[in-house]
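Here the structure is laid out as structure tokens; the discussion comes afterwards.
The values are calculated or read from the model by the stated rules, or taken from the named source; none is laboratory data. Only a predicted model underlies this, so the values are computations on that prediction, with no experimental measurement involved. Quick reminder, even Gly has a Cβ in these numbers, built from the backbone with ideal geometry, and neighbours come from all protein chains shown. Note: accessible area is taken over every heavy atom of the protein model, side chains too, but ligands, DNA and RNA are not part of it. Shrake-Rupley method; radii C 1.70, N 1.55, O 1.52, S 1.80 Å.
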Amino acid sequence: SMSFVLVPGAGGDAHYWHLVAPLLRDAGHRVIAPDLPAGDDAAGLGEYADAIVAAAAGVDAIVLVAQSMGAFSAPMAVERLHVERMILVAPMIPAPGDPPGSWWSSTGQDAAAREAAIAEGRDPYAPFDVRETFLHDVPEPVVEDLLARGERPESSRAFEDPWPLAGWPDLSTRVIAGRHDRLFPLPF
């Protein structure tokens, strides 16, 4: 049995993992899914990492799983936890000193998403639509549940904090990327 610490992306809502957590528990694993203080204007990446550490303190043999913007704060928690490996899901993988707010342009995500839209016959300049960009391939009951919960606000503070690590932690890291992801296209 392993211990999975499941870190959400922007918005910091642990509910993101509500369908995955029971599957892991049913397989005999321990699951910790912390909420991050994303709506707190005083909280930045450091406070997000602190929340991860507080939730997983004293836990051994951790598989640290981070989704999207969680790839900024999860590696910051590694040195304070017993992490054996990391798994990133549709991640925003940071470079040293890069704040999440400039990640989009520094990585070329915007151009990659436009190219993918053109290749798929979608309008590359269409206004952002959560259903079209994020939920286009999600079962309707899951979409309805998510939309009924409402979006948790993300303070601009965390988008301004430069990523403080000098490099990626020295541990096994795997990335899960969606074949039909419209925000982070697979070739990107």
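Apart from one condition, R157 fits all of (1) open to solvent by 80 Å² or more (accessible area, probe 1.4 Å); (2) within 17 Å of A10 (Cα to Cα); the exception is (1).
Across region 66-75, a minimum of one residue is classified as assigned to a loop (DSSP other than H, G, I, E, B), at positive phi and touching a residue at least 24 places away in the same chain (Cβ under 8 Å).
When residues in region 76-88 are screened for being outside any loop (DSSP other than H, G, I, E, B), aliphatic (A, V, I, L, M) and surrounded by fewer than 22 Cβ atoms within 10 Å (Cβ to Cβ), 3 of them pass. Of the residues in region 38-48, none is free of Cβ contacts under 8 Å to residues at least 60 places away in the same chain and either surrounded by fewer than 16 Cβ atoms within 10 Å (Cβ to Cβ) or of a type in the set (A, V, I, L, M) (or both). Of note, A10 satisfies the criterion of being open to solvent by 40 Å² or more (accessible area, probe 1.4 Å), touching a residue at least 40 places away in the same chain (Cβ under 8 Å), part of a loop (DSSP other than H, G, I, E, B) and under 29 Å from E144 (Cβ atoms). Figure legend. Inter-residue proximity from region 103-115: first residues under 22 Å from A158 (Cβ atoms) and free of Cβ contacts under 8 Å to residues at least 40 places away in the same chain, second residues open to solvent by less than 20 Å² (accessible area, probe 1.4 Å) and hydrophobic (A, V, I, L, M, F, W, C), beta-carbon distance below 6 Å, spacing 6+ or different chains. Indicated pairs: W103/M92.
Residues in region 150-157: is at least one at pLDDT 95 or above, assigned to a loop (DSSP other than H, G, I, E, B) and not aromatic (F, W, Y)?
For region 150-157, residues at pLDDT 95 or above, assigned to a loop (DSSP other than H, G, I, E, B) and not aromatic (F, W, Y): absent.
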